[in-house]
Every structure is written in C-alpha cells, then in structure tokens.
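Visitor: My questions will all concern the structure given below.
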Amino acid sequence: MPAAAHSNRDPQTSALRVLILEDERFDRHRLARLCSGLARPCTLTNAATLADFTTALESGTFDLVILDYHLPDGTGLDALEQVRMSARNCTAGIIMITGQGHDAIARRAREDGCSDYLTKDELTAPAFQRAVANALQKSELTVELETQTFARAEVEAVLAHFAGQCARDIKPMLSRMMRQLRALRRAGGAPPDADPALIEESCMAMWQFLQQLEQHQGNALFADLAPTPQVPASDRLRPPRKPPSPFTRINH
C-alpha cells in the first residue's frame, strides 16, 4: 500500500525527506538554503538528471519532491509522471519550479498532481514555505483517503465472505424445515418426516446458529475505523441480556 511508507513516522518531529531534481548547481544550493529555513529539519537527496531522479525514487521514500521543469534529458512533467508511477512515493507532496511561467504547463502540472507551481523569480522564503505547507497538507490528505479506501475495501470483502457463509449455513436448515412442513400439510397418516418434533429440532438448530451469529457482531473489524465508546466497568462485568427463545418449550 503506498501510504505505508508514511504510517510509522510522526510528521511533527521527524525530519522531512526531500528529493530535489535540479540540473543547475546554483539553484540546488538555493533550494537547499530554502529547505534549511523550514520549521522541520530536512534530509536532502539531489538529482541532476531525470535518470538519476528515477533511481532515487526507486531506492528511497520521500515526503516532498521539488522538480525543475527544464532538464537535460526530459521535463518536469516527465518527472511528475515518474512520481505518480512510484509505489513508494506516489503520495509525496510535489512542487514544480521553472525559470519562466507558462500557464499551460502550470495547469497541466496541477492536473497531474503537483501541489504548486512557482517561477524562480517568485521563489522567496515565504512563498516557498507556503508551497511546502500546501504540498504536505495535500500529501497527508491523500494518504488518509487511501488508507480509508483500503480499509473499507478490506471490510467489504470480509462482510461479503461472511454473508455468503451465513447463507450456505442457513439454506440447508430452511430447506429441511420446508420439506417437513410440506410433508405435514399433505400427510393423511403422519409420515416420519412430518414429525413436529423434527421441525422443532430444525428450529432449535437455526436458533442456536443465530445465537452464535449474535456473538460475532464484527466489532473487531471496525475497531480501527471508529472510536470505541467508553463503557462503565460495572456494565462491562454484567452479561448482556438476551431475549427469550421463541422455541422454548411451554409447559401447560
């Protein structure tokens, strides 16, 4: 799952893992200085070409990716596609930087998942900090959404299997009861299969199955998806009440 790379890290205290794709040494140093001014410490990985960038994506996991648009062996949009295809880094925050602003490129970059698009002329410390904050926020929302989607899919699969198993268990009981009732309805004499005691036995078997089903309400499946309400200790020690069985024998 893509979000797994971020799940065991505290985003408030851990170092920000940053991958910078920039072929100009001066601009790489400039971006490094801007990263040093962020509220969180940063660990930086640099790539000067798209090929080096691809290798870094395959070998490391990053919270933030900064892309230069003009590259010797491609463009920032090519690099953006590499991030989107990376199982490790597809949820990372992404910022694209270019020497000149192009509305069409900026629009395409945002459509492809880039959080912000800045020109080098507007790359001030406050603008960079805002862009990083927006990129990390979008990354966290993406991770949260993917986690919820994955958990929901797992629960739906378990419930589908559970429903199928219940149906397979109940159908034979109902089939037997229907045969017994039909035999009872058309019996001139009472055939063995129409004995009311056998019908009651089938009903008791179904009732016991439903009681077992009642004890497996699926709370464990949803424990990680919703907060568990606090229950007083006295109530936790008290056994749950059960309705009386409709199949209990009544003595006249």
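The values are calculated or read from the model by the stated rules, or taken from the named source; none is laboratory data. Remember, it's a predicted structure, so these values are computed and weren't measured experimentally. Note: ideal-geometry Cβ built from the backbone for every residue, glycine included; neighbour counts use all protein chains shown.
Visitor: What are the residue pairs meeting all of these: first residue in segment 115-140, first residue without any contact (Cβ under 8 Å) to a residue 12 or more places away in the chain, second residue aliphatic (A, V, I, L, M) and in a helix (DSSP H, G or I), Cβ atoms under 9 Å, and 6 or more apart or on different chains?
Guide: 124/34
Visitor: For segment 96-109, what are the residues that are within 31 Å of the chain's Cα centre (by Cα) and surrounded by fewer than 14 Cβ atoms within 10 Å (Cβ to Cβ)?
Guide: The answer is 107, and nothing else.
Visitor: Restricting attention to segment 18-30, report how many residues are in contact with a Leu (Cβ under 8 Å, 6 or more places away or on another chain) and either outside any strand (DSSP E or B) or modelled with pLDDT under 95 (or both). Show your work before the answer.
Guide: Filtering segment 18-30 for residues in contact with a Leu (Cβ under 8 Å, 6 or more places away or on another chain) gives 18-23, 30.
Checking which are either outside any strand (DSSP E or B) or modelled with pLDDT under 95 (or both) leaves us with 22-23, 30.
Summing the residues that are in contact with a Leu (Cβ under 8 Å, 6 or more places away or on another chain) and either outside any strand (DSSP E or B) or modelled with pLDDT under 95 (or both) in segment 18-30 gives 3.
Visitor: Scanning segment 145-180 for residues that are exposed (fewer than 13 other Cβ atoms within 10 Å of the Cβ) and at pLDDT 70 or above, which turns out farthest from residue 62 (Cα to Cα)?
Guide: Within segment 145-180, the match that is farthest from residue 62 (Cα to Cα) is 178.
Visitor: Let me ask something else. I want to confirm something. Restricting to segment 87-110 and keeping residues that are in contact with a Ser or Thr (Cβ under 7 Å, 6 or more places away or on another chain) and at pLDDT 90 or above, which single residue is nearest to residue 68 (Cα to Cα)?
Guide: Per the stated criteria, the residue is 95.
So that you can scan it fast, the table gives a plain yes or no per residue for (1) crowded, with 20+ Cβ neighbours inside 10 Å; (2) over 23 Å from the mean Cα position of the chain (by Cα); (3) more than 22 Å from residue 16 (Cβ to Cβ):
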| position | (1), (2), (3) |
| --- | --- |
| 73 | no, yes, yes |
| 83 | yes, no, no |
| 111 | no, no, yes |
| 126 | no, yes, no |
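Visitor: For segment 32-66, give me the residue count where each residue is touching a Phe, Trp or Tyr at 6+ places or on another chain (Cβ under 8 Å) and under 14 Å from residue 97 (Cα atoms).
Guide: 1
Visitor: Does residue 186 fit the bill of being modelled with pLDDT of 65 or more and either farther than 22 Å from residue 84 by Cα or touching a Cys at 6+ places or on another chain (Cβ under 9 Å) (or both)? Lay out the reasoning, then the answer.
Guide: On the way: modelled with pLDDT of 65 or more: yes; either farther than 22 Å from residue 84 by Cα or touching a Cys at 6+ places or on another chain (Cβ under 9 Å) (or both): yes.
Taking the combined requirement at face value, the residue satisfies it.
Visitor: Could you give every pair whose Cβ atoms fall below 8 Å, whose first residue belongs to segment 78-96 and is hydroxyl-bearing (Ser, Thr, Tyr), and whose second residue is at pLDDT 90 or above, counting only separations of at least 6 or pairs across chains?
Guide: From residues that are hydroxyl-bearing (Ser, Thr, Tyr), the pairs are 86/57; 86/58.
Visitor: For residue 13, state whether it is closer than 16 Å to residue 136 by Cα, modelled with pLDDT under 95 and among the β-branched types (Val, Ile, Thr). I'd like the intermediate steps shown before the answer.
Guide: On the way: closer than 16 Å to residue 136 by Cα: yes; modelled with pLDDT under 95: yes; among the β-branched types (Val, Ile, Thr): yes.
When the stated conditions are applied, residue 13 passes them.
Visitor: Among all residue pairs at least 6 apart or on different chains, which show Cβ distances below 7 Å where the first residue, located in segment 49-63, is within 19 Å of residue 14 (Cβ to Cβ) and the second is of a type in the set (Ser, Thr, Tyr) and crowded, with 20+ Cβ neighbours inside 10 Å?
Guide: So the pair list comes out as 63/139.
Visitor: Also, quick follow-up: For segment 29-81, name all the residues that are closer than 15 Å to residue 109 by Cα and of a type in the set (A, V, I, L, M).
Guide: Here is the first cut: in segment 29-81, the residues closer than 15 Å to residue 109 by Cα are 65-70, 74-81.
Residues satisfying the conditions are 65, 66, 67, 77, 79, 80.
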